[in-house]
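Note sheet for the following structure.
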């Protein structure tokens, strides 16, 4: 299993999948970054922390090829590449030693940079099979990959280890994060990027506060695109300095569940999406969700049953949906419970690992 970054949602996904595969009797070796953030977790699989920024591209390529040669891998499953720009040349070489499976976590580059998009799809085209998480992602993959490409739909698993042994209660979570105990907290969680529509959430907050004066917004996650000043300026222009907790920094894995436990509702105002690990975490941890009716959100969420869905770019509808969730806690709990039941069944890691193991076995039989 190859996961080069060592942090964030893909690293968490990879750990959970490796754990589930190992539990199903599959021999797994994870090749990841020296700065792997999950080193404190006990692993039921081998972990080789060989990648590093200091080694340069060729150094990391050599480390990977050496590990694959020594392990005599039956399948090389890639969760994240070393370089989107150069790996299209690497994976055909790896494929000579073992079948290559690639998980496409994002079938579209978030910022739609054409060169990155083109080179990334060349990587995927070099794989023996690709794994996607939603029907919409599978449709896009069929449009972008050669007709002979093998595309496997295997659902993203649940929150896994992020659930912890015991979810903190709301008051304890807020105290731990320094958030007000009596506020109605709206959470925007995850990497801060334009396609997530965070400016739209900020713009909807004054209307929400007219309906619920105690409403406050928490924005937590690494700022990957744009700059802090533009968000601070938007908060200032809306006169919301006392109503927004803006925390543009990476949230360690051990604090993720605390943020969701502290929130009354998590909002995902995305312009478009084929999947979202953060939204799945919210559902699995039992936090009510308001999301836009875009991409795969419409595929696995039902308005009024597992979440509230609104049309993208519609500020008044977003504010109204958030107000409805905050104003009817009993209904919000019912939706959150329904979403959590979905996560425990359809999104379980047991199901994902079973489907993944069957894919590996197909290569072992020469049936792929």
Quiz item: Looking at (1) in a helix (DSSP H, G or I); (2) crowded, with 16+ Cβ neighbours inside 10 Å; (3) at pLDDT below 95, can you tell me which one residue 275 breaks?
Solution: (1)
Self-check item: Test result for residue 21, assigned to a helix (DSSP H, G or I) and either closer than 18 Å to residue 353 by Cβ or modelled with pLDDT of 95 or more (or both)
Solution: yes
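Which residue out of 61, 28 is closer than 19 Å to residue 351 by Cα and either surrounded by fewer than 19 Cβ atoms within 10 Å (Cβ to Cβ) or over 21 Å from the mean Cα position of the chain (by Cα) (or both)?
Values: 61 fails: closer than 19 Å to residue 351 by Cα.
Among 61, 28, only 28 is closer than 19 Å to residue 351 by Cα and either surrounded by fewer than 19 Cβ atoms within 10 Å (Cβ to Cβ) or over 21 Å from the mean Cα position of the chain (by Cα) (or both).
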Quiz prompt | Hits in segment 316-356 - residues which are in contact (Cβ under 8 Å) with a residue 24 or more places away in the chain, surrounded by fewer than 16 Cβ atoms within 10 Å (Cβ to Cβ) and in contact with a helix residue (DSSP H, G or I) (Cβ under 8 Å, 6 or more places away or on another chain) | solution = 316, 327, 344, 346, 350
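Among the residues of segment 41-86, write down those that are part of a loop (DSSP other than H, G, I, E, B) and either in contact with a strand residue (DSSP E or B) (Cβ under 7 Å, 6 or more places away or on another chain) or in contact (Cβ under 8 Å) with a residue 40 or more places away in the chain (or both).
As a first pass, look at segment 41-86 and keep what is part of a loop (DSSP other than H, G, I, E, B): 41-45, 52, 72-75, 79-86.
Result: 41, 45, 52, 73, 74, 75, 79, 80, 81, 82.
Residue 180: over 17 Å from residue 292 (Cβ atoms), touching a residue at least 24 places away in the same chain (Cβ under 8 Å) and surrounded by 16 or more Cβ atoms within 10 Å (Cβ to Cβ), yes or no?
For residue 180, the condition - over 17 Å from residue 292 (Cβ atoms), touching a residue at least 24 places away in the same chain (Cβ under 8 Å) and surrounded by 16 or more Cβ atoms within 10 Å (Cβ to Cβ) - is not met.
The values are calculated or read from the model by the stated rules, or taken from the named source; none is laboratory data. What you see is a predicted model, and the numbers here were worked out from it, not measured in a lab. Every residue, glycine as well, gets a Cβ built from its backbone with ideal geometry; the counts of neighbours run over all protein chains shown.
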